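Contents: one structure, followed by commentary.
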Amino acid sequence: MGARTTDQDERYREAAVLYGEPLGRLARGYEADPDERRDLLQEIHTALWRSFAGFDGRCSIRTWVYRVAHNVGASHVTRRRRNEGATWVGLDELIDASDEDNPERSAGDSQVLTRLLAMIRTLKPPDSQVMLLYLEDLDAAAIGEITGLTPGAVTTKIHRIKAILARRFQQEARDDG
């Protein structure tokens, strides 16, 4: 058991160094509240460390790290939504969704990213996972390996969500102007 724990610890340390920043960004994509985000990131790291006890190398460490992180993030969001009584938004509903919480409407680029992440957080978990991975610069094949979708389905989701988000941002610009 000692050798296995050492392998587990070493794999975790390597993954934490290589993917620490992307994991922080993913946590930000799943959780807006800074305190909750820190808790989520800690939960991701704990799950990641535990998961390396069963890592058999059938996929890359990168795929493993993102898969674990997204599973923890999706569980966190689902649990939080259930506790708050909030509902998910489907892609068709995102087109017409209203924006009551939009304090940064006329702010700069960092506000636009905040707005984008807020929209992505309202999506159902499979859709938000795809978009968060896309924002991390993963290609359709890698996203498919992580989420279990085919690369074609990933490409279709990304294209559709990007078009919807672009229309929403354009509509906001017209409403502000």
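What follows draws every value from the coordinates through simple rules; no lab data is involved. Only a predicted model underlies this, so the values are computations on that prediction, with no experimental measurement involved. So basically every Cβ, Gly included, is an ideal-geometry build from the backbone, and we count neighbours across all protein chains shown.
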Karplus couplings for segment 139-145 from phi (6.51 cos²θ - 1.76 cosθ + 1.60, θ = phi - 60°), rounded to Hz, Gly and Pro as x? 7, 4, 5, 5, 4, x, 5
Report ³J(HN,Hα) in whole Hz for each residue of segment 157-171, in order, from the Karplus equation J = 6.51 cos²θ - 1.76 cosθ + 1.60 where θ = phi - 60°; Gly and Pro get x. 4, 4, 4, 5, 5, 4, 5, 5, 5, 4, 4, 5, 5, 5, 4
How large is the Rg to Rh ratio of segment 1-86 when both quantities use alpha carbon positions and Rh follows Kirkwood? 1.02
For the pair L116 and T150, what calculated FRET efficiency results from E = 1/(1 + (r/R0)^6), where r is the Cβ-Cβ distance and R0 = 35 Å, to the nearest 0.05? 0.85
Residues meeting the amide H criterion for K124 (H placed from the backbone, H to H distance under 5 Å, 5 or more places apart or on another chain) are V89
Can you work out the PRE-style zone for R25? Point 7 Å along Cα to Cβ, and I want the residues of segment 127-168 with backbone N under 13 Å. 131-139
Applying the Karplus parametrisation 6.51 cos²θ - 1.76 cosθ + 1.60 with θ = phi - 60° to the phi angles of segment 11-24, what ³J(HN,Hα) value in whole Hz is obtained for each residue in order, glycine and proline being reported as x? 4, 5, 4, 4, 5, 5, 5, 5, 10, x, 5, x, 5, x
